[in-house]
Amino acid sequence: MENKFWFRLSGNRNQPFIWLLLVSFGFNLQLPAQSEYPKGYFRSPVDFPIFLSGSYGEVRTNHFHSGIDIRTNGKTGQPVYAAADGYISRIFVSPYGFGKALYINHPAGYTSVYGHLDRFAGTIASYVRGQQYRNESFYLDTEIDAGRIAVKKGDVIGYSGNSGSSGGPHLHFEIRDTRSQEPLDPVAFGIPLRDKTRPKILLIRIYPFDENSQVNFVSMPLTFPVVAGNNGLSFQTKDTIRLSGNIFFGIEAVDCQDQSTNQNGIRSVELMIDDQPVFRQDIERFAFADTRYVNSVIDFALNKETGHRVLRSYLAPGNTLNIYPVVVNRGILSFVDSRKHKITYRVHDGSGNASFLSFWVKSSPPPSGGARPRESKPVGVHFFWDQPNQYLTHDLRFEMPARSLYEDIDFTCYTHPPVNGSFSKVYEVHNEGTPVHLSCDLAIRAELLPPSLQGKALIVKLQDKKFISQGGKFSSGFVSARIREFGEYTIVVDTIPPKITPVNIYQNKNVGKQGNIVMMISDDLSGIKTYRGTLNGQWILMDYDAKRNRLVYLFDNRMKPGINKFHLEVSDGAGNQTEYSATLIR
């Protein structure tokens, strides 16, 4: 909800003047406006105390975290249990994302999800293996008919692992609304979690909204770290914070759990001015289609530059997330009087623990001479957030669909000389500190590309002195690709085939004392696109761990006594192929 007026601040003349005061305290209470979910319907998916390495709704790269990450003490193979009666509704297997994952539909209208499993159990494992061999594919994403694989609350359905894009052994656990598939907070269902520890507030960031607004006499955002001392919390600066004009605020805070050193994301944030609520963010549920809007919630440029994840109490015009129960004027506050005002932030975690931070600021009208200037900003082409935009030159074509931006920008594009290994100039497409919501079309003239290499051409993003492939297709003198980030782009070619390295086999090896074949596969540019392993001409299931560049085949009835012919083919995104063959004796 958005009010159509400026929120103007007024002070109380009878209150004694306080230049700067900070107060912070915490206690356990119910989250504001939180829906009631059935407690006790779901059991814990594990049989040991739950400690989290990731909380529901926390900010991740390009998405909100959709569940809780349960630590498994750095181990894989812990039993994972069905959280309630139901049936397996979907099975997912991939080298990326959730890796090996199970979805269980429950009669109460919820779906539980178990991600990054090491392996499946019993009937489920047999079903998955059958489907993979039938499709001759490690990758699997299949929906299961209701009741075909029924489970009871407490049944072992798999074992915890580190599959997919997991950064370490853990269990990713979700509860979703089955009808909408929107994820909900498992902690709200009473999943047992030892947590009486309140969140930690790390810093406050204050933003001038326009060039006539100031924070401490400058029209640039300023950060105020929060430190703990004998007398509670305080800012590192003891100077009075002075605000003038249109301002919005941001906060960085983390959630801490009892007996754990992990720092996770907070659940809700509320901002009050002179004890009046003006902004509240509460992630009770969200649609997966909207999760990339997280880049509008955070200070994206600061995150890119420093890694800090500051939640802005500001609603950008192009942000359509439905996670804001209270919004006054999109979070933009007008400080135009000559009085003091109390600013209060309140943050909650998923368990209802809360922390508060209050401080006073001095408001003043903008000076007649205007604010001190911002850093010089190049003049570009105005791009509108709600309209299609394009930038066309003789050598570059860039097109953005409507709503690719969260707010208007002055788009810039600079040209730099080719770098070593590139076949075009380098194009600095705007700047990395501005988020892009939708995929956009980029085409670069291949002015230096020989005809013999046109089929191997790619557009790459230059990042940390590396080439990051965006894919590419040559046509009519241009190489084109879809991109979803601003930054520096150029054309390169990929003529180097993937690399295959056998780990535990070699030509004519006797494998009678081992139970698997392990191979390493990698590609330095366009990435692994396909692989196919066979034994005696028959396809074999090779488990692909992409983050470790590893393929594993567990011996089954395709590995016969006597002589066996193993063959592996691997292709990359540019069509380069490598093969490996070996005769194995069992």
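The values are calculated or read from the model by the stated rules, or taken from the named source; none is laboratory data. Bear in mind the structure is a predicted one, so any value in this text is a computation, not a measurement. Here the Cβ is made from the backbone with ideal geometry for all residues, glycine too, and neighbour counts use every protein chain on show.
Is it the case that Ala316 is out of contact with any Phe, Trp or Tyr (no Cβ under 7 Å at 6 or more places or on another chain), modelled with pLDDT of 95 or more and not in a strand (DSSP E or B)?
Spelling it out, it is not the case that Ala316 is out of contact with any Phe, Trp or Tyr (no Cβ under 7 Å at 6 or more places or on another chain), modelled with pLDDT of 95 or more and not in a strand (DSSP E or B).
Does Lys499 count as more than 29 Å from the chain's Cα centre (by Cα), within 30 Å of Phe566 (Cβ to Cβ) and buried (at least 19 other Cβ atoms within 10 Å of the Cβ)? Break it down into steps so the answer makes sense when it comes.
Values: more than 29 Å from the chain's Cα centre (by Cα): yes; within 30 Å of Phe566 (Cβ to Cβ): yes; buried (at least 19 other Cβ atoms within 10 Å of the Cβ): no.
No; evaluated as a whole, the condition is false for this residue.
To keep it simple, each residue is scored yes or no on (1) in the same structural domain as Phe279 (by TED's automatic domain parsing); (2) closer than 16 Å to Gln263 by Cα; (3) surrounded by fewer than 22 Cβ atoms within 10 Å (Cβ to Cβ); (4) in contact with a strand residue (DSSP E or B) (Cβ under 8 Å, 6 or more places away or on another chain).
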| site | (1), (2), (3), (4) |
| --- | --- |
| Pro38 | no, no, yes, no |
| Arg43 | no, no, yes, yes |
| Asp47 | no, no, yes, yes |
| Tyr56 | no, yes, no, yes |
| Val59 | no, yes, yes, yes |
| Asn62 | no, no, yes, no |
| Gly67 | no, yes, no, yes |
| Lys75 | no, no, yes, yes |
| Val80 | no, no, no, yes |
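Given the structure, is Thr291 of a type in the set (Ser, Thr, Tyr) and farther than 30 Å from Thr72 by Cβ?
Working: of a type in the set (Ser, Thr, Tyr): yes; farther than 30 Å from Thr72 by Cβ: no.
No, not satisfied.
Restricting attention to segment 533-554, report how many residues are in a strand (DSSP E or B) and either in contact with a Gly (Cβ under 8 Å, 6 or more places away or on another chain) or modelled with pLDDT under 95 (or both).
Qualifying residue count for the region: 4.
Quick one: what pairs do we get from segment 254-266, first residue part of a loop (DSSP other than H, G, I, E, B) and at pLDDT 85 or above, second surrounded by 15 or more Cβ atoms within 10 Å (Cβ to Cβ) and among the small types (Gly, Ala, Ser), C-beta under 7 Å, 6+ apart or different chains?
Cβ pairs passing all conditions: Asn262/Ser53; Gly265/Ser55; Gly265/Gly57; Ile266/Ala253.
Can you give me the number of residues within segment 290-313 that are part of a loop (DSSP other than H, G, I, E, B) and at negative phi?
Of the residues in segment 290-313, 5 are part of a loop (DSSP other than H, G, I, E, B) and at negative phi.
Residue-wise test of (1) surrounded by 15 or more Cβ atoms within 10 Å (Cβ to Cβ); (2) in contact with a helix residue (DSSP H, G or I) (Cβ under 8 Å, 6 or more places away or on another chain); (3) not hydroxyl-bearing (Ser, Thr, Tyr).
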| position | (1), (2), (3) |
| --- | --- |
| Asp523 | yes, no, yes |
| Arg548 | no, no, yes |
| Ala574 | yes, yes, yes |
| Thr578 | yes, no, no |
| Leu584 | yes, no, yes |
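Quick check on segment 251-263. Is at least one of its residues among the hydrophobic types (A, V, I, L, M, F, W, C) and in contact with an Asp or Glu (Cβ under 6 Å, 6 or more places away or on another chain)?
No: segment 251-263 contains no residue that is among the hydrophobic types (A, V, I, L, M, F, W, C) and in contact with an Asp or Glu (Cβ under 6 Å, 6 or more places away or on another chain).
Quick test for you: out of Arg71, Arg90, Arg119, pick the one residue that is touching a residue at least 12 places away in the same chain (Cβ under 8 Å) and buried (at least 20 other Cβ atoms within 10 Å of the Cβ).
Going through Arg71, Arg90, Arg119 in turn, the sole match is Arg71.
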